[in-house]
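Quick note: the coordinates plus some simple rules give every number you see, no bench work behind them. Treat the numbers as computed from the prediction; the structure is a model and nothing was measured. Here the Cβ positions follow ideal geometry from the backbone for every residue, glycine too, while neighbour counts run over all protein chains shown.
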Amino acid sequence: MGRTEDDGARDDGQRQDGYDDDPAHGSTVGRPRARARASRWTRDELSSYAGHTIPDLVGPGLRLLFVGINPGLVSAATGLHFARNGNRFYPALRAAGILPADVLKPEDAVPALLERGVGITNLVPRASARADELDDDELREGRARLERLVAEHRPRVVAVAGITAYRTAFGERRASAGEQERTIGDARLWVVPNPSGLNAHATVASLADAYGEAADAAGLQRLHA
């Protein structure tokens with residue numbers, strides 16, 4: 001199946017979720033707490049984060065919800081989605097005009113995404129080094145979890161990042177990328193490319209095109225033409 005959302009992870013800490021409480025956005029979102037940089041960790045230290053979780057990044061006025069497969073180990077250690085160096089998620093969001101061009105770090109993207117009505121979650125909440133460490137039952141259970149999250153926060157568009165994981169979770173073996181015929185409640189459903197650096201078929205430009213189409217469908221105004 002390939003790699004996790006950041007090619008690596010999951011979470012813990014004083015609040016056990018990687019974020020400090022932010023009354024403006026509720027208890028599950030907020031400002032990420034500073035943690036040691038990934039470059040300082042040994043393989044064994046990162047491995048200790050396997051099985052941890054990180055919070056969903058969701059807030060009021062959610063329009064577009066990106067869905068990773070599951071957190072990688074770097075994400076677990078930092079409490080930030082798509083946090084591994086080399087992951088192209090944030091560069092693609094900048095190229096698509098979803099994020100401001102001057103937002104360069106994952107921790108700085110948190111308030112910017114919330115302000116724009118963009119959220120991030122995962123099909124499977126537990127962190128692992130590789131997405132192929134997950135079994136099919138976990139992905140199918142992840143679909144039910146996603147449906148509950150969508151019912152609660154009511155985004156306009158849900159964009160699942162990874163065609164193989166989508167096919168398993170939703171039982172649609174012949175699904176292709178792009179907008180799907182099915183919906184999740186009132187939310188339109190898209191499948192977009194996985195931004196992992198191991199996805200050799202995708203470039204930042206092609207990721208930006210796919211993410212931008214989902215953003216347009218969600219009624220999100222792009223920050224540049």
>> Given (1) assigned to a loop (DSSP other than H, G, I, E, B); (2) surrounded by 18 or more Cβ atoms within 10 Å (Cβ to Cβ); (3) of a type in the set (A, V, I, L, M); (4) in contact with a Lys or Arg (Cβ under 7 Å, 6 or more places away or on another chain), identify the lone condition not met by residue 207.
In response: (1)
> How many residues, within the stretch 136-158, are touching a helix residue (DSSP H, G or I) at 6+ places or on another chain (Cβ under 6 Å), closer than 19 Å to residue 179 by Cα and not hydrophobic (A, V, I, L, M, F, W, C)?
Replying inline: 1
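To keep it simple, each residue is scored yes or no on (1) under 23 Å from residue 207 (Cα atoms); (2) aromatic (Phe, Trp, Tyr); (3) surrounded by fewer than 16 Cβ atoms within 10 Å (Cβ to Cβ); (4) over 16 Å from the mean Cα position of the chain (by Cα).
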residue	(1), (2), (3), (4)
123	yes, no, no, no
127	no, no, no, no
132	yes, no, yes, yes
138	no, no, no, yes
142	no, no, no, no
153	no, no, no, no
158	yes, no, no, no
161	yes, no, no, no
165	yes, no, no, no
>> So, residue 111, is that one within 29 Å of residue 148 (Cβ to Cβ), surrounded by fewer than 19 Cβ atoms within 10 Å (Cβ to Cβ) and not charged (D, E, K, R) or not?
In response: yes
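Going by the conditions given, is residue 95 more than 26 Å from residue 147 (Cβ to Cβ), in contact with a helix residue (DSSP H, G or I) (Cβ under 6 Å, 6 or more places away or on another chain), not basic (Lys, Arg) and not in a helix (DSSP H, G or I)? Give the steps one after another, and end with the answer.
Details: more than 26 Å from residue 147 (Cβ to Cβ): yes; in contact with a helix residue (DSSP H, G or I) (Cβ under 6 Å, 6 or more places away or on another chain): yes; not basic (Lys, Arg): yes; not in a helix (DSSP H, G or I): no.
For residue 95, the condition - more than 26 Å from residue 147 (Cβ to Cβ), in contact with a helix residue (DSSP H, G or I) (Cβ under 6 Å, 6 or more places away or on another chain), not basic (Lys, Arg) and not in a helix (DSSP H, G or I) - is not met.
Within the stretch 149-193, work out how many residues are free of Cβ contacts under 8 Å to residues at least 24 places away in the same chain, among the hydroxyl-bearing types (Ser, Thr, Tyr) and not in a strand (DSSP E or B). Quick ask: steps written out before the conclusion?
Initial filter on the stretch 149-193 (free of Cβ contacts under 8 Å to residues at least 24 places away in the same chain): 152, 167, 172-176, 180-183.
Filter again for among the hydroxyl-bearing types (Ser, Thr, Tyr), leaving 176, 183.
Filter once more, keeping what is not in a strand (DSSP E or B): 176.
So the count comes out to 1.
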>> I need the full set of residues from the stretch 58-92 which are under 13 Å from the mean Cα position of the chain (by Cα), in a loop (DSSP other than H, G, I, E, B) and at negative phi, in order please.
In response: 58, 69, 70, 71, 72, 80, 81, 83, 84, 87, 88
